[in-house]
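Trainee: My questions will all concern the structure given below.
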Amino acid sequence: MGTYLNPGKQSFQMAVNSGIFVDKTEMIAYLNSVVNTQQRFVSVSRPRRFGKTMAADMICAYYDRTEESRELFEKRKLASCTFDRAREKERAWDEYLGKFDVIRVVMTRFIKKGTSVSKALEKMQRLIIRELKKEYPDVDYFSDDDLIQALDDVYADNRRRVVIVIDEWDAVFRERQNDRDGQTEYLDFLRDLMKDNSHIALAYMTGILPIKKYGKHSALNMFTEYSMTFPRQIAPYTGFTEKEVRDLCEKYGRDYERIKDWYDGYEVSDIIPPDPDHEKLKVTGGPPKAVKYSLYSPLSVVEAMTTGVIKDYWNKTETYEALADYIRKDYDGLKDAVALLMDGARLRIDTSAYQNDMTTFSGKDDVLSLLIHLGYLGFDDERSEVFIPNREILDEFKTSTRSEEWDEPLRAYEASGELLRATWAEDAEKVAELIETAHNCAGNRTYNDETALSYSIQLAYYAAQKYYTTILELDTGKGFADIVYLPSPMYPHIPVLLIELKYDKSAKGAIAQIRRQDYPARLEHYRGNILLVGVNYDRDVSNVKPEFKHHTCVIEKA
């Protein structure tokens, strides 16, 4: 047994021996289905303390040819997995048990802030080669510091394939965030190590971040990625499932509903399985669907089970200062987005542009995408929405927004909520007053046209995103309604807001236009639950009048 070559089963054995062990060995059955295939390159990303290292220990224990691990696994769930769903055939659970050399590397041991990537990779290669030479002393090695060549040399002599397990693979992007040359060198090394190397039976990388992208392309495109936004077949092994937590609560006498309230909330879906028998469609009436899993943070659940104390355990993994640092990057309204999320909203985002690192951000969606992978946000892949998953994480956000710099955005969000409630109450005077206040607080204190007015009104109604889908310039068939807020499926009983804007005209004229062109007819589905909101901005109103106000508003039921 070595440190890097064939590290054995001891680490996984300790996990099995622990007071709380949740059996995730069925994941091996899936990995066995990709061994010695084109899909044998697996990259799994999860937040800290979501069981990444234990999974790596388990993989080492199973495949290591120098260990006798049958007794360790034959009592686990894996032993009942005899059917390969991906290949539609029977497969023995122990088909690859103890069949390979295993190389295990924890990259944080080498990638450090004070060490260049070149030096780190050189040290790592020399240490692994040293163990290879002890295990295979008769091989004619070409080099002492070229791991790729050394593996080729060993394979040429014994034809034994290897399983490579890399834990904390993304250390270079976290420890050396601005070292672009070092990051490129590291990715080039991994690509050369893995790509087109038939002697690799399985490569398993795990970390917090998905594989770094350049533009829209992965830097290691031979890997299949299993992430928090798309975990694929690894979905049920990403965290603790609802059933696993229920079983733990029953065993330890804990209140499941309280545990759920504090630690549940992460949502993941596996893939839609292929259906080779199309006749099934006639029976089921449709294609098969992906299975959705509700997941819990393993660390937090284990702490709550063993102590009986339900509280925020998250700060033992990622300090709230890290969260605060990212949401201080107030890209195109990020702080406003955080205020919405803290109020229970779900926000639709585009995760496709995120470059999977800690520094390349072009807007708030990129930062929110990073927070998904760090575990601070849940993600609904069907609706592409992010949300704060549970009370534990909400506590982290509250702690991170207590500084004075958050006073203004939180006050603005509170005022936006007040504006929304005033609109629902049909209090037109209050709505005009609040819009006026929002305008006066804005950086740009003048409107130049209806387009600028529309943008300002959307900002004032920012809190509406919690309850509504916003549609701009809705085609009604007889014209275009300026702003329409349609209730989200979670809030079907709140009224539609149909807002018409005027510039240097009148709010009554806005309402008249809505009725004259019958805009509500386009919203027949919501008949009886539509509020018409007319807003006018009068640029030249005299400021010497006691009732001085640029904005006027009229609200009527459709």
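The values are calculated or read from the model by the stated rules, or taken from the named source; none is laboratory data. A quick note: this is a predicted structure, and the numbers were derived from the prediction, not measured. Backbone-built Cβ (ideal geometry, glycine too); neighbour counts: all protein chains shown.
Trainee: Residue check, GLU473 against (1) more than 20 Å from ALA425 (Cβ to Cβ); (2) among the acidic types (Asp, Glu); (3) touching a residue at least 24 places away in the same chain (Cβ under 8 Å), all met but one. Which one?
Mentor: Every condition holds for GLU473 apart from (3).
Trainee: Next question. Name the one entry in GLU396, GLU392, GLU408 that is in a helix (DSSP H, G or I), more than 16 Å from the chain's Cα centre (by Cα), outside the structural domain of GLN355 (by TED's automatic domain parsing) and on the phi < 0 side of the Ramachandran plot.
Mentor: GLU408
Trainee: Let me ask something additional. Look at ASP407 and say whether it is among the acidic types (Asp, Glu) and surrounded by 16 or more Cβ atoms within 10 Å (Cβ to Cβ).
Mentor: Criteria not met by ASP407.
Trainee: Okay, next question. Could you please let me know if ALA56 is modelled with pLDDT of 95 or more and more than 28 Å from the chain's Cα centre (by Cα)?
Mentor: no
Trainee: Residues of segment 11-55 being aliphatic (A, V, I, L, M) and assigned to a loop (DSSP other than H, G, I, E, B), which ones?
Mentor: ILE20, VAL22, VAL35 - these are the residues of segment 11-55 that are aliphatic (A, V, I, L, M) and assigned to a loop (DSSP other than H, G, I, E, B).
Trainee: Of LEU523, LEU486, which residue is within 22 Å of ALA345 (Cα to Cα) and touching a strand residue (DSSP E or B) at 6+ places or on another chain (Cβ under 8 Å)?
Mentor: LEU486
Trainee: Another question about this same structure. Within segment 96-121, which residues are over 26 Å from SER11 (Cβ atoms) and not basic (Lys, Arg)?
Mentor: Those that are over 26 Å from SER11 (Cβ atoms) and not basic (Lys, Arg): GLY114, SER116, VAL117, SER118.
Trainee: Criterion first (acidic (Asp, Glu) and assigned to a loop (DSSP other than H, G, I, E, B)) does ASP101 satisfy it?
Mentor: Against the criterion (acidic (Asp, Glu) and assigned to a loop (DSSP other than H, G, I, E, B)), ASP101 does not qualify.
Trainee: On to the next question. Just checking, how many residues over segment 58-73 are surrounded by fewer than 24 Cβ atoms within 10 Å (Cβ to Cβ), within 23 Å of THR241 (Cβ to Cβ) and either of a type in the set (Asp, Glu) or touching a Lys or Arg at 6+ places or on another chain (Cβ under 8 Å) (or both)?
Mentor: Matching residues across segment 58-73 total 1.
Trainee: Filter segment 482-522 down to residues that are in a loop (DSSP other than H, G, I, E, B) and not basic (Lys, Arg), then give me how many there are.
Mentor: 12
Trainee: How about segment 104-158: which of its residues are among the aliphatic types (A, V, I, L, M), surrounded by fewer than 21 Cβ atoms within 10 Å (Cβ to Cβ) and assigned to a loop (DSSP other than H, G, I, E, B)?
Mentor: Of everything in segment 104-158, just one residue is among the aliphatic types (A, V, I, L, M), surrounded by fewer than 21 Cβ atoms within 10 Å (Cβ to Cβ) and assigned to a loop (DSSP other than H, G, I, E, B), namely VAL139.
Trainee: Which residue out of TYR467, TYR519, TYR485, TYR526 is modelled with pLDDT under 90, among the hydroxyl-bearing types (Ser, Thr, Tyr) and buried (at least 16 other Cβ atoms within 10 Å of the Cβ)?
Mentor: Exactly one of TYR467, TYR519, TYR485, TYR526 is modelled with pLDDT under 90, among the hydroxyl-bearing types (Ser, Thr, Tyr) and buried (at least 16 other Cβ atoms within 10 Å of the Cβ), namely TYR519.
Trainee: On the basis of being surrounded by fewer than 19 Cβ atoms within 10 Å (Cβ to Cβ) and of a type in the set (D, E, K, R), does ASP365 make the cut?
Mentor: So ASP365 does not fit the description; no.
Trainee: For VAL172, only one of the following conditions fails: (1) buried (at least 20 other Cβ atoms within 10 Å of the Cβ); (2) within 27 Å of TYR62 (Cβ to Cβ); (3) under 34 Å from the mean Cα position of the chain (by Cα); (4) β-branched (Val, Ile, Thr). What is its number?
Mentor: Among (1) buried (at least 20 other Cβ atoms within 10 Å of the Cβ); (2) within 27 Å of TYR62 (Cβ to Cβ); (3) under 34 Å from the mean Cα position of the chain (by Cα); (4) β-branched (Val, Ile, Thr), the lone unmet condition for VAL172 is (2).
Trainee: Within segment 292-343, which helices (runs of 4 or more DSSP H) (wholly inside it) include 3 or more residues that are modelled with pLDDT of 75 or more, in contact with a helix residue (DSSP H, G or I) (Cβ under 6 Å, 6 or more places away or on another chain) and of a type in the set (Asp, Glu)?
Mentor: Helices (runs of 4 or more DSSP H) meeting the threshold: none at all.
Trainee: While we're on this one: Would you list the strands (runs of 3 or more DSSP E) that sit entirely within segment 170-280 and hold 2 or more residues that are touching a Lys or Arg at 6+ places or on another chain (Cβ under 6 Å)?
Mentor: Those strands (runs of 3 or more DSSP E) span 200-207.
Trainee: Still on this model: Please state which one of THR53, THR37, THR82 is touching a residue at least 40 places away in the same chain (Cβ under 8 Å) and not assigned by TED's automatic domain parsing to the domain that holds CYS249.
Mentor: Just a single option satisfies the conditions, and that option is THR53.
Trainee: Pull up segment 212-235, narrow it to residues that are among the aliphatic types (A, V, I, L, M) and at pLDDT 90 or above, then point me to the one that is nearest to PRO389 (Cα to Cα).
Mentor: MET228
Trainee: A further question follows. Of all residues in segment 373-387 being of a type in the set (A, V, I, L, M, F, W, C) and surrounded by fewer than 23 Cβ atoms within 10 Å (Cβ to Cβ), which is farthest from TYR293 (Cα to Cα)?
Mentor: LEU374
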